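Below is one structure; the comments refer to it alone.
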Amino acid sequence: MKKTIYLLIFITIIYGSFLNSDNSSGNSFGNIWKNEWGGGWWPPHRQKYTFDARDDFRSEDDRNISTKIVNKDFNVTLMAINKNTGDEEDFTGTVCAKIIADNYKSDWNKTTWNNEKEKNATLISTNGIKKGYINIIFYQNDTNANCPDQDGDINSTDNFAIRPLKYQIVLDSNPKYAGVDFNISFIAKDYIDNNTTDYNESINNSFEVNITDIKNCKIGDFTPDINDSWSFADGNNTIQTNYSEVGELNISINEKSCSDRFAAIDCKDANVSGHWNSDVDTKIEDNNTIFYISPYELNITDANISVLHSPKWVYDANISDFNATTLVEIKSYNKQGDITQNFDSACYAKDINITFGYDVVNKNSDVNLSYDGNITSFDKSINDVNKTLQIPKTLFNNGIANSSYAYNIDRNFTIHLDPINLKLVEANITTSAIAKYENNKTLDDNVTFYYGSLILNDIVTTQNDFNKTYYFGVYDSQTDLKPTNTLVGFNWYYNHLHTIQDGNVSDSEIILSKDYNSSNTISGIDVSVNKQKDGYIVFDINRTDTSKTFGVVHLLSPNLKWLWYMKFAKDYNISDGSTCLEHFCFNITFKDDSNTKEVGSGDFKGSEVNLTTTHSDTHHLGIKIYR
């Protein structure tokens, strides 16, 4: 009898300890007894409860849990379910719920129930989760139970994702130049603006990066490519890269279609108006950044003076007749030495100013120049010869622009000038902040400006058929810039560099008159051009009517006007009725006097005919010999 009593007492003690056990593993005899068999005294009956969870905005029949945001708390509705019927049923006790995934477990949320079918629990995840559940453990009829250290036995019917809130693109603060390395960071931010732990997605799997040019210009190359072969590491990836072109870029990051997203597991969840849309709410917020990349170098690659001749010279003349032209080429480069084609008129070219520097050799006073081109100052004084050329962006084509401006010495047909030499020594980019480096150019090019004329003299002859040579000359009273040392007049030197394009006359432009008015024409003396070359012109002269003893030859060529010089002359004029005060002329006097030195046939080598006639006979109306 005593043995039986002792055995009952022992069983009672052991049984009571199981019933009151708080072992949180969920697998102790006490928990099994409580959860599966009701926890009461003998006789036992099997527990009828299980639990599930759903979004708090969904109905009992819609037991989905949709995508959540990392570090943003959310509510789920916990449901006490009758195992036999599958319906909700009142429950009294303690329920613990937490988020569980392969890579993460949150803290427990503890709720106390008193004859309740549902109760909301607030949860939060500090990590990104692609597939998680609500893990649940319950203690029936025990409202003071503590949540265990281990997981519960029940997981929610639905799984769900917890995603970053948004993407962010951050560039370093340095100015960006073509071909120069810079840092670009792609970040997945959570609700409290931290980088998202355990967000380790790879590009072109769930998300993509797109690069566009704001003006739809050429897309250059990123090295390394920011659109290939990289992954987030806990919500961040920083790439050191460089871009080959100039431009204003829009770089964006966005998730792909729902089935490819980080939260793709929730694409099937039913939409609930005002609360959930699977296409919108599974998606991490897009982000983009717009930034400008400038040229690395803007280089003057060439600059020179262009004229018709080599060596370089030009006659003083109206700028529309003759001029020297300073040409310049400028190119835009990246750091690797490639031309940046987007520095173009249709894309990102900018207006550029280039200032040219000259060394001047000038022994004249009050010399002025005329200019033609897009320069900033038209001051004519030779003291202001260092001009700034504005190159408009419209001239840039695929990273290259060529521009120029023209100039010449202002010529007064009554005042001769000594030669002037301009030496181009430098070209400097004077517009700042276009590129990281603006590279100028040191130069060594020059042009000489000559005051030129056709040196004529009158003819006295006894021959009826002969030829006469006249020379093109330049004036030089004090310099070493003259083309030759051969005098063809007082301070006038033979210009062997003269070609037909520098001034010429044709047969149709030769008129013979009886006096110094070109309209008073006569016949009987034929004058024609034999040849023009190497700075001289040869006329064939033939008297067919021996009764004609005097004639004036008028050279009415428009191609001689920049050579017109006479101290007391008038403006150059070759119209009908114009006189020898307005264009080139020479007289021919035929004599029978045997004492007269005649001009023989062939090229005339002298500078002036020695006559025995009086001055008034040979220089009618005071016309100068050297015109």
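Here is a yes/no grid of residues against (1) open to solvent by less than 40 Å² (accessible area, probe 1.4 Å); (2) touching a Phe, Trp or Tyr at 6+ places or on another chain (Cβ under 9 Å); (3) within 30 Å of F343 (Cβ to Cβ):
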{"residue": "G220", "(1), (2), (3)": "yes, yes, yes"}
{"residue": "I226", "(1), (2), (3)": "yes, yes, yes"}
{"residue": "F232", "(1), (2), (3)": "yes, yes, no"}
{"residue": "I239", "(1), (2), (3)": "yes, yes, yes"}
{"residue": "E248", "(1), (2), (3)": "no, yes, yes"}
{"residue": "F262", "(1), (2), (3)": "yes, yes, no"}
{"residue": "D279", "(1), (2), (3)": "no, no, no"}
{"residue": "Y292", "(1), (2), (3)": "no, yes, yes"}
{"residue": "E297", "(1), (2), (3)": "no, yes, yes"}
Within the stretch 161-182, track down each residue that is out of contact with any Ser or Thr (no Cβ under 8 Å at 6 or more places or on another chain) and surrounded by fewer than 17 Cβ atoms within 10 Å (Cβ to Cβ). D172, S173, N174
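Quick check: is even one residue across the stretch 116-123 of a type in the set (K, R), more than 26 Å from D90 (Cβ to Cβ) and part of a strand (DSSP E or B)?
Filtering the stretch 116-123 down to residues of a type in the set (K, R) leaves 117, 119.
Those left that are additionally more than 26 Å from D90 (Cβ to Cβ): none.
For the stretch 116-123, residues of a type in the set (K, R), more than 26 Å from D90 (Cβ to Cβ) and part of a strand (DSSP E or B): absent.
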Mind checking which pairs have a first residue in the stretch 299-316 that is touching a residue at least 12 places away in the same chain (Cβ under 8 Å) and acidic (D, E) and a second that is outside any strand (DSSP E or B) and open to solvent by less than 40 Å² (accessible area, probe 1.4 Å), Cβ under 9 Å, 6 or more apart or different chains? D316/F322; D316/L417; D316/Y451; D316/W562
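Report whether or not N412 is surrounded by fewer than 16 Cβ atoms within 10 Å (Cβ to Cβ) and under 19 Å from V314 (Cβ atoms).
Yes.
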For N103, the lone unmet condition from (1) in contact (Cβ under 8 Å) with a residue 60 or more places away in the chain; (2) surrounded by 15 or more Cβ atoms within 10 Å (Cβ to Cβ); (3) of a type outside the set (V, I, T) is (2)
Right, S320: under 36 Å from the mean Cα position of the chain (by Cα), free of Cβ contacts under 8 Å to residues at least 60 places away in the same chain and surrounded by fewer than 22 Cβ atoms within 10 Å (Cβ to Cβ) or not? yes
Does any residue of the stretch 420-432 turn out to be touching a residue at least 40 places away in the same chain (Cβ under 8 Å), open to solvent by less than 50 Å² (accessible area, probe 1.4 Å), over 35 Å from the mean Cα position of the chain (by Cα) and closer than 18 Å to T325 by Cα? yes
In the stretch 84-111, anything assigned to a loop (DSSP other than H, G, I, E, B) and more than 60 Å from the chain's Cα centre (by Cα) is listed as N84, T85, G86, D87, E89, D90
Does the stretch 109-122 contain at least one residue that is surrounded by fewer than 20 Cβ atoms within 10 Å (Cβ to Cβ) and without any contact (Cβ under 8 Å) to a residue 12 or more places away in the chain? no
Regarding the stretch 504-526, can at least one residue be identified that is under 30 Å from N368 (Cα atoms), of a type in the set (G, A, S), open to solvent by 50 Å² or more (accessible area, probe 1.4 Å) and at pLDDT 95 or above? no
Selection count, the stretch 323-346, where residues are more than 19 Å from N440 (Cα to Cα), open to solvent by less than 40 Å² (accessible area, probe 1.4 Å) and in contact with a Gly (Cβ under 7 Å, 6 or more places away or on another chain): 2
Cβ-Cβ below 8 Å, separation at least six or inter-chain, first residue in the stretch 526-542 and under 11 Å from V553 (Cβ atoms), second among the acidic types (D, E): which pairs? D526/D540; V527/D540; S528/D507; S528/D540; I541/D465; I541/D526
Return only the number of the condition from (1) touching an Asp or Glu at 6+ places or on another chain (Cβ under 9 Å); (2) farther than 30 Å from G503 by Cβ; (3) not polar (S, T, N, Q) that Y296 does not satisfy. (1)
Only one of T50, T12, T4 is at pLDDT 50 or above and among the β-branched types (V, I, T); which? T50
Select from the stretch 468-487 the residues that are aliphatic (A, V, I, L, M) and surrounded by 24 or more Cβ atoms within 10 Å (Cβ to Cβ) and list them in ascending order. V474
Within the stretch 171-286, strands (runs of 3 or more DSSP E) holding 2 or more residues that are closer than 30 Å to D56 by Cα, under 21 Å from the mean Cα position of the chain (by Cα) and of a type in the set (A, V, I, L, M): none
Run down S202, S185 and say which single residue is surrounded by 14 or more Cβ atoms within 10 Å (Cβ to Cβ) and among the polar types (S, T, N, Q). S185
Candidates Y516, Y471, filtered to the one that is in contact with a helix residue (DSSP H, G or I) (Cβ under 7 Å, 6 or more places away or on another chain) and not small (G, A, S): Y516
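The values are calculated or read from the model by the stated rules, or taken from the named source; none is laboratory data. Keep in mind the model is a prediction, meaning the values are calculated, not measured. Because the Cβ atoms are built from the backbone with ideal geometry, glycine has one as well, and the counts that use them run over all protein chains shown. We work out accessible area using only protein heavy atoms, side chains counted, and drop any ligands, DNA or RNA first. Shrake-Rupley method; radii C 1.70, N 1.55, O 1.52, S 1.80 Å.
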